[in-house]
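What follows is a set of notes on a single structure, which appears directly below.
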Number of protein chains: 2
Amino acid sequence: MTQRPTRPTPDAPDSPWRTLRATEIYRNPWLTVTEFGVTRPDGSAGVYSVADPGDNVTIAAVDGEGRVLLVRDFIFPLQRWSWSLPGGAVEPEEDPLAAARRELAEEAELVAGDWLPLGSFWLTPGISPQTSLCFLARDLRAIAARSEPTEVISRVWTPLDDALDRCRHGEMRHATAALTLWLAREHLGGSGA
Amino acid sequence: MTQRPTRPTPDAPDSPWRTLRATEIYRNPWLTVTEFGVTRPDGSAGVYSVADPGDNVTIAAVDGEGRVLLVRDFIFPLQRWSWSLPGGAVEPEEDPLAAARRELAEEAELVAGDWLPLGSFWLTPGISPQTSLCFLARDLRAIAARSEPTEVISRVWTPLDDALDRCRHGEMRHATAALTLWLAREHLGGSGA
């Protein structure tokens, strides 16, 4: 597998910080941690550490009846089960749309004939360059696919407005899912104001 | 300063993972990285690493004319300047509302007489337990405050719908800002459908 490059590098011309060194602290296939030695905007010396899991994709797969597919899996860092939208990491050198197609096949066992990029967001930019790309997938067709062995997933189709209500009321708390559903609702029109 | 505890621990009773060990990889005042030795849901052995910057708060400070305050600062992990909403990390053992009051004073030089929690979201739950708490602050009063030395901030008041449009069109890409503005717009009503 291609190794994920160290981000960020080099300093932007308009950066008020100066980077003096980059020390790789940790790397596994899913996460890279780098400590940068810096001169802060006020001129003092310090460190700025960046955790980079790579970018990710989130997919609102909407069928002909206006229902969206939710998937349920276990969130290890929060030690709880939760409903969310299909999605996952963009592999190094993978095109985001290719990643979205792959995740939709793996997690939802679906292929889509109609893909629309809805936007992209920075998830936790204080510590990470991770960017999440949101997609609307329509013209869906079921396929036989095989989930990754570590992922335990159940699935449900629910009206788009019900899914948005789950985000409003704290029942579905993935930031990427809420943003993707909000943008999908705005694109498709309707009562999700 | 109180040290941030290692999260998650212990295993939830309904977890399909088993945690065998926790190894602290890195810790600075802003980030903790822990590698957990695990048995995966399929029974295989592996590691699951968690990067925890702690929780954070984001504040939509809305004045009597329906304008929201945007702040601009430099995002080191992305090496670019960006507009966003006031906010920042919740310190260990700090109450989230207290953190929101502190950040609004530090970043916006404002105090608010009326605080409303709008919701909370997981930012990047595949690698982190980090939760973002969104607040609406009204009944605003300017104070003299001192920004932290490493933060370089300019500020602008803009109509709430204009700020939401910046999120829709990729000009403001902080996930927490977009979610907070969406929920603030829904709470306040109006044309932000």
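The values are calculated or read from the model by the stated rules, or taken from the named source; none is laboratory data. It should be emphasised that the depicted structure is a prediction, and the values quoted were computed from it without experimental measurement. Neighbour counts run over all protein chains shown; Cβ positions are idealised from the backbone, glycine included. When the accessible area is computed, the model is the full protein with side chains, heavy atoms only, and any ligands, DNA or RNA have been set aside. Shrake-Rupley method; radii C 1.70, N 1.55, O 1.52, S 1.80 Å.
Tell me which of B:Ala51, B:Ser120, B:Val62 sits at the most positive position along the dipole axis of region B:21-126, charges placed on C-beta atoms (Lys, Arg +1; Asp, Glu -1).
B:Ala51
Before anything else, pin down the relative contact order of chain A: Cα pairs under 8 Å, at least 6 apart, normalised by residue count, whole percent.
Reported as a whole number, the value is 20 percent.
For label points placed 7 Å from Cα toward Cβ, what is the shortest-first list of nm distances from A:Asp162 to its copies?
Going from nearest to farthest copy, the values are 4.1 nm.
What does the charge count near B:Arg168 come to, summing +1 for each Lys or Arg and -1 for each Asp or Glu among other residues with Cβ under 13 Å from its Cβ?
Overall, the nearby charge balance is -1.
Can you work out the Karplus-derived ³J(HN,Hα) for every residue in region B:6-13? Use 6.51 cos²θ - 1.76 cosθ + 1.60 with θ = phi - 60°, whole Hz, and x for glycine or proline.
6, 10, x, 5, x, 4, 5, x
Give the Debye-formula value of log10 I(q)/I(0) at each listed q (0.06, 0.12 Å⁻¹), with one equal scatterer per alpha carbon of the protein assembly as shown, two decimals each.
Log-scaled intensity ratios, in q order: -0.22, -0.95.
Can you work out the accessible area per residue across region A:24-155, with the rest of the protein chains kept in place, probe 1.4 Å, in square angstrom?
Per-residue accessible area for region A:24-155 comes out at 38 Å².
Taking the Cα centre of region A:4-70 as the origin, how large is its charge dipole in debye, to the nearest 20, when only Lys and Arg (+1) and Asp and Glu (-1) carry charge on their Cβ atoms?
About 240 debye.
Amide H neighbours of B:Trp81 under 5 Å, counting only residues 5+ apart in sequence or on other chains, H built in-plane at 1.01 Å?
Counting only residues 5 or more places away or on other chains, the set is B:Ile75.
Kindly rank B:76-89, A:80-93, B:122-135 from highest to lowest mean number of other beta carbons found within 10 Å of each residue.
B:122-135, B:76-89, A:80-93
Counting only helical runs of four or more DSSP H residues, what would the 222 nm mean residue ellipticity of chain B come to if each run contributes -39,500 (n - 2.57) and the total is spread over all its residues?
Taking each H run of at least 4 residues, the total per residue is -6000 deg cm²/dmol.
Using a loss threshold of 50 Å², tell me which positions in region B:53-78 are less accessible in the complex than in their chain alone. Probe radius 1.4 Å, ligands and nucleic acids ignored.
When all protein chains are present, B:Phe74, B:Phe76, B:Pro77, B:Leu78 each give up 50 Å² or more of accessible surface.
Once you list every other residue whose beta carbon is under 14 Å from the beta carbon of A:Thr9, what net charge do they have if Lys and Arg are +1 and Asp and Glu are -1?
Result for the local shell: +1.
Amide H of A:Val90 versus every other amide H placed in the peptide plane: which residues, excluding those fewer than 5 positions away on the same chain, fall under 5 Å?
A:Asp55, A:Asn56, A:Val57
Just grab the label-to-label distance for A:Glu24 and B:Glu91, each label 7 Å out from Cα along the Cβ direction, in nm (one decimal).
3.6
Would you work out which of A:Ala163, B:Thr23, B:Pro129 lies farthest towards the positive end of the dipole of the protein assembly as shown, given +1 charges on the beta-carbon of Lys and Arg and -1 on that of Asp and Glu, about the Cα centre?
Checked the options; the winner is B:Thr23.
What does the copy distance list look like for A:Ala12, label position 7 Å along Cα→Cβ, in nm and ordered from shortest?
Copy-to-copy label distances at A:Ala12, shortest first: 3.7 nm.
To one decimal in nm, how far is B:Ile143 from the same spot in the other copies, if labels go 7 Å from Cα toward Cβ? Please give the shortest first.
5.7
When a/c reaches 1.5 or more, the comparison of a/b and b/c decides; with that in mind, is region A:71-132 rounded, prolate or oblate per its Cα gyration tensor?
Oblate.
Could you tell me the total accessible area buried at the A-B interface, probe 1.4 Å, in square angstrom to the nearest hundred?
5900
Per residue of B:43-51, count partner chain C-beta atoms within 10 Å of its C-beta, then hand back the mean as an integer.
Mean inter-chain Cβ contacts per residue within 10 Å come to 5.
Give me the inter-chain shielding for A:15-25: mean count of other chain Cβ atoms within 10 Å, whole number please.
Across the residues of A:15-25, the mean count of other-chain Cβ atoms within 10 Å is 2.
Return the inverse of the average 1/r over all pairs of distinct C-alpha atoms in chain A, which is the Kirkwood hydrodynamic radius, in Å to one decimal.
18.2
Work out from phi, with θ = phi - 60° and the Karplus expression 6.51 cos²θ - 1.76 cosθ + 1.60, the ³J(HN,Hα) of each residue of region B:126-132, listed in order in whole Hz, and give x for Gly and Pro.
After applying 6.51 cos²θ - 1.76 cosθ + 1.60, I find x, 10, 8, x, 3, 10, 10 Hz.
Around B:Ala60, what is the net charge, scoring Lys/Arg as +1 and Asp/Glu as -1 over all other residues with Cβ under 10 Å from its Cβ?
Within the 10 Å Cβ shell, the charges total +2.
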